[in-house]
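Structure, as structure tokens:
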Amino acid sequence: MASQVGKRRPRMTAATAFDLVRAAIAEKGRITFAEFMEIALYAPGAGYYTAAPHLRGENSDPTARHSGGSRNPEIALQTGPPHDYYTAPHLHAVFGAYIARHVAQVWRDLGEPQHFDVVEMGAGRGILAWDILRSLRETAPRCWERTRYRMIDRGAGPSAEQQEALVAVAAHPIITAQSLTEPVLGMVLSNELLDALPAHRVRVKNGKLQELYVTAQGERLCEVYGDPSCPELTDYVERLGRPPEGWQGEVCLAAVAWLESVARALTKGTVLTIDYGATWAELCSARWVEGTLACYFRHRVSRDPFARVGAQDITAHVNFSALVNYGEAVGLSTVSMQAQAEYLVGLGIGEELAALAHQPPTAETQRAKRAITDLIWPDGLGGFRVLVQEKCTGR
Ligand SMILES: C[S@@+](CC[C@H](N)C(=O)[O-])C[C@H]1O[C@@H](n2cnc3c(N)ncnc32)[C@H](O)[C@@H]1O
């Protein structure tokens, strides 16, 4: 159900995520890893993303920036404030400013419609929304005036202070909702959403696809393998290419379902997906033969999803081949798939870095230079993937 910014969502009190996992196992004997992840991250009032913000150690200032560990395991072991990770919007407003350039370009390509939807999925606290809207207001005011921004997040969403800040930078009321229900003419964008969707875990053993389930031994959660829980898992693997013997990894059917729902909602426009991930061939290679599952707690990365259930983040790399393949089947043509560095440089961030080098070194120019360098660093955020898909028909 959609609501305008300014209203608070009611919060339910619930058992802990661990209790809920145990109850589901007691009822069914075993649950899929995707079911486990769904409870651990999203159980109402108890999951990592759905518990009260103070339990996640979050700052309530929408404009606050962080330093610290990213959610990409390769760059996650820095120390920082008591949060669990940072994402690109947390670094600096410059990230949103370049996404805003792309937003304005899509608006122009669509013929400058009077009513232009920008839907941010997994918008979290609204930092990126704030940066995009502020930058549009300054650099593309005609597009800004026509932009209706929708923030979709199934988690706790922005606080009252964050909502106030957002209202101040938007030309129209910002809509917040927990799912995408209304049609979209414009752009659907997400940053680090899909890696946080519940994923199944599978392996190839003796030539057969097996699924990992979660069960319990006394008070301990443990893993057990069995046949795939649904035919879609086998279809997915057959469609994209069977991984080699001995491989284990993740299959995120929720990402496919998400993309299909976006394609249904989009009447015309662009889908921009930014995340860490790889192609299916890369994910099936020796580099990730044990999968990409990673858990984050206070900037530390681990591979133990059963520790701190509900209090730590759990993620898996996004399979961009699946987004391309399933997207094309539902009318989304692939415009480009690039590294984040290449995408931002294509939008002109390199020129800004060069210009900053000639400016007097104030605290702000230094901060901006550092942020841009981080955003395009090939072994860090710059190595994230950016997928641009498009629906051209008005159907
Ligand atoms: C890792 S956070 C990223 C937040 C933000 N985009 C950023 O870059 O900092 C993932 C967000 O996606 C939200 N989320 C997860 N599943 C979702 C879904 N199906 N629809 C909308 N939001 C979802 C979570 O609640 C969480 O706020």
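Just one of the listed residues (Glu192, Glu211) is among the charged types (D, E, K, R) and closer than 20 Å to Thr270 by Cα, namely Glu192. Are there any strands (runs of 3 or more DSSP E) wholly within the range 210-329 with 1 or more residues that are of a type outside the set (Asp, Glu) and over 22 Å from the mean Cα position of the chain (by Cα), and if so which? Answer list for the range 210-329: 220-226, 248-251, 266-275.
Going by what's in this entry, would Ala156 be described as within 14 Å of the ligand (Cβ to nearest atom), in contact with a Leu (Cβ under 7 Å, 6 or more places away or on another chain) and more than 30 Å from Arg108 (Cα to Cα)? So Ala156 fails the test. Among the candidates Arg201, Arg220, the residue that is surrounded by 22 or more Cβ atoms within 10 Å (Cβ to Cβ) and either closer than 19 Å to Tyr42 by Cβ or out of contact with any helix residue (DSSP H, G or I) (no Cβ under 8 Å at 6 or more places or on another chain) (or both) is uniquely Arg201. On inspection, Thr32 passes the criterion of being modelled with pLDDT of 95 or more, of a type in the set (S, T, N, Q) and either buried (at least 19 other Cβ atoms within 10 Å of the Cβ) or more than 13 Å from the ligand (Cβ to nearest atom) (or both). The set of residues in the range 160-178 that are within 16 Å of the ligand (Cβ to nearest atom) and either among the hydrophobic types (A, V, I, L, M, F, W, C) or surrounded by fewer than 19 Cβ atoms within 10 Å (Cβ to Cβ) (or both) comprises Ala165, Leu166, Ile174, Ile175, Ala177, Gln178. Checked against (1) at negative phi; (2) more than 16 Å from the ligand (Cβ to nearest atom), Tyr343 passes all but a single condition, namely (2).
Annotation note: Cβ proximity below 8 Å between a residue of the range 182-203 that is modelled with pLDDT of 95 or more and within 14 Å of the ligand (Cβ to nearest atom) and a residue that is assigned to a loop (DSSP other than H, G, I, E, B) and among the aromatic types (Phe, Trp, Tyr) (sequence gap 6+ or interchain) occurs for Glu192/Tyr276; Asp195/Tyr276; Ala196/Tyr49. Identify the residue in the range 216-239 that is within 20 Å of Ala316 (Cβ to Cβ) and polar (S, T, N, Q) and, among all such residues, is nearest to the ligand (Cβ to nearest atom). Once the filter is applied, the top-ranked residue is Ser229. Just the residues that are farther than 20 Å from Val103 by Cα and either touching a Lys or Arg at 6+ places or on another chain (Cβ under 6 Å) or not in a helix (DSSP H, G or I) (or both), please, taken from the range 344-382. Listed by number, the residues that qualify are Leu356, His358, Gln359, Pro360, Pro361, Thr362, Trp377, Pro378, Asp379, Gly380. Within the range 112-125, the residues that satisfy the criterion of being within 9 Å of the ligand (Cβ to nearest atom) and either on the phi > 0 side of the Ramachandran plot or over 17 Å from the mean Cα position of the chain (by Cα) (or both) are Gly122, Gly124.
The values are calculated or read from the model by the stated rules, or taken from the named source; none is laboratory data. Values in this document were obtained by computation on a predicted structure and should not be read as measured data. No Cβ is skipped: glycine too gets one built from the backbone with ideal geometry, and neighbour counts run over all protein chains shown.
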